[in-house]
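Here the structure is laid out as structure tokens; the discussion comes afterwards.
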Amino acid sequence: MKTIKAIKSAYLYPRHIKSTGALFGTSKAVENEITRLVSSDEGEVVVEFGMGLGNITKEILNRMSTNSKLLAFELNSKFCDHVRDEIDDPRLKIINDSAENARKYLDVQVVNVVSSLPLTLMGETDVLFSSIVKLMSEGSYFSQVLLRKNGIEKFQHYFGEHHHVRVGIMPKYHIYHCIKETPTINS
Ligand SMILES: C[S@@+](CC[C@H](N)C(=O)[O-])C[C@H]1O[C@@H](n2cnc3c(N)ncnc32)[C@H](O)[C@@H]1O
């Protein structure tokens, strides 16, 4: 099963390199670190951006309580079909749409946003981040994995403080956990 997944990942990620920004899925170490702050409290709503083939998705679900919900956004419909086949969990809602449209699908505040979006490849991201912070409750976490440190300027100033963790060697990943500290004006 692991081998089939690795083959799918090695085939699908490079094939869609312009939107994935990656040749393969992130590692187990990234899955563990980026989901470390996912709330296990009852009845929470968690959001994932850039679900891909669902490796981080599974770890988020492992950490969430049984009556929480996960909304996972993914642009690529093939990736969405793959995860629908692979993960059978009533807490997971797969949304085949851009992270930029997250507000359309959410009418409650979220406790975690876990993102592996290829930010360094993406152009203007102000619309994305100004809408993300409006979705988040005070004290909630935005966690982002990057291959290069220079994507941080795209989201850093939207949050009160951040914690940086390096994971792996080849490739080396940068994971940022940012906290939403102050309520957004005009939200
Ligand atoms: C680097 S891959 C990460 C995949 C997987 N989560 C992992 O950790 O291996 C980035 C994913 O984000 C998706 N993506 C890119 N832009 C997006 C957007 N605006 N909204 C939602 N998903 C997007 C890509 O299709 C791709 O699956």
When both residues are 6+ apart or on different chains and their Cβ atoms are under 8 Å apart, which pairs have a first residue that lies in region 139-159 and is closer than 23 Å to Ala29 by Cβ, and a second that is at pLDDT 95 or above and among the small types (Gly, Ala, Ser)?
-> Phe142/Ser115; Ser143/Ser115; Gln144/Ser115; Gln144/Ser116; Val145/Ser115; Val145/Ser116
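Conditions tested, residue by residue: (1) within 16 Å of the chain's Cα centre (by Cα); (2) at pLDDT 95 or above; (3) within 19 Å of Val110 (Cβ to Cβ).
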| position | (1), (2), (3) |
| --- | --- |
| Leu135 | yes, no, yes |
| Tyr141 | yes, yes, yes |
| Val145 | yes, yes, yes |
| His157 | no, no, no |
| Ile169 | no, no, no |
| His174 | yes, yes, no |
| Thr184 | no, no, yes |
| Ser187 | no, no, yes |
Take region 99-133 and flag every residue that is closer than 19 Å to His16 by Cα and over 11 Å from the mean Cα position of the chain (by Cα).
-> Leu119, Thr120, Leu121, Met122, Gly123
Which one of Asp97, Asp89, Asp85 is assigned to a loop (DSSP other than H, G, I, E, B), more than 15 Å from the ligand (Cβ to nearest atom) and either aliphatic (A, V, I, L, M) or over 20 Å from Ile175 (Cα atoms) (or both)?
-> Asp89
In region 43-82, how many residues are farther than 18 Å from Leu146 by Cα, near the ligand (Cβ under 6 Å from one of its atoms) and among the acidic types (Asp, Glu)?
-> 0
Tell me, yes or no, whether region 20-40 has at least one residue that is exposed (fewer than 13 other Cβ atoms within 10 Å of the Cβ) and more than 14 Å from the ligand (Cβ to nearest atom).
-> yes
Does at least one position in region 48-57 carry a residue that is modelled with pLDDT of 95 or more and more than 15 Å from the chain's Cα centre (by Cα)?
-> no
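The values are calculated or read from the model by the stated rules, or taken from the named source; none is laboratory data. Since the model is a prediction, treat every value here as computed from it, not as a measurement. Methodologically, a virtual Cβ is constructed for each residue, glycine included, from the backbone with ideal geometry; neighbour enumeration extends over all protein chains shown.
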